[in-house]
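I have placed the structure first, in the form of structure tokens, so that the comments after it can refer back to it.
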Amino acid sequence: MTGVDHAAQTARLRAQVPVRVSACLDVCEHANVIVVQPSAEGRAAGARPVWLGLVNDPDATEDIAAWARAGGPGVAPRPDILDLYTITPPRRRTAS
């Protein structure tokens, strides 16, 4: 998305939580997309990754970073404000 400082957003997140950047997640219409992976503790509790789209606001980035620092999926409750950004991930393609 134009007008968004992607490098600053990534740097802000990376300063607080582990970050992996991907070129394409097949949901370009929801850019910027952030996928919050559960920690080992969260996975043990049955948590799945949470996909957040249209994260183009610095306040949303801060909300996501705070949630991840608190433990993220399966450990800390997702802040209600992040419900506005939650998207459904694309279905995995299978070989025919």
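The values are calculated or read from the model by the stated rules, or taken from the named source; none is laboratory data. Bear in mind that the values here come from a model prediction, so they are computed numbers and not experimental data. For neighbour counting, all protein chains shown are included, and Cβ atoms are generated from backbone atoms with ideal geometry for every residue, glycine included. Remember, those area values only see protein heavy atoms, side chains included, never the ligands or the DNA or RNA. Shrake-Rupley method; radii C 1.70, N 1.55, O 1.52, S 1.80 Å.
Residues that are in contact with a helix residue (DSSP H, G or I) (Cβ under 9 Å, 6 or more places away or on another chain), over 21 Å from Val27 (Cβ atoms) and of a type in the set (Asp, Glu) within the stretch 55-96 comprise Asp59, Glu62, listed in sequence order. Any residue at all in the stretch 81-93 that is over 22 Å from Gly3 (Cα atoms) and not in a loop (DSSP other than H, G, I, E, B)? Scanning the stretch 81-93, I find at least one residue that is over 22 Å from Gly3 (Cα atoms) and not in a loop (DSSP other than H, G, I, E, B), so the answer is yes.
Got at least one residue in the stretch 19-27 being loosely packed, with under 15 Cβ neighbours inside 10 Å and among the hydroxyl-bearing types (Ser, Thr, Tyr)? Outline the logic, then answer.
If we filter the stretch 19-27 for residues that are loosely packed, with under 15 Cβ neighbours inside 10 Å, which is where we start, we get 20-24, 26.
From what's left, among the hydroxyl-bearing types (Ser, Thr, Tyr): 22.
Looking through the stretch 19-27, at least one residue is loosely packed, with under 15 Cβ neighbours inside 10 Å and among the hydroxyl-bearing types (Ser, Thr, Tyr).
Cβ separations smaller than 7 Å between residues 6+ apart or across chains give the following pairs from the stretch 52-71 residues that are open to solvent by less than 60 Å² (accessible area, probe 1.4 Å) to residues that are among the hydroxyl-bearing types (Ser, Thr, Tyr) and not in a helix (DSSP H, G or I): Leu52/Tyr85; Leu52/Thr86; Gly53/Tyr85; Val55/Tyr85; Ala60/Tyr85; Gly71/Ser39. For the stretch 22-42, the tally of residues that are under 20 Å from Gly71 (Cα atoms) and not in a helix (DSSP H, G or I) stands at 7. Every condition in (1) open to solvent by 90 Å² or more (accessible area, probe 1.4 Å); (2) in contact (Cβ under 8 Å) with a residue 12 or more places away in the chain holds for Leu13 except the one numbered (1).
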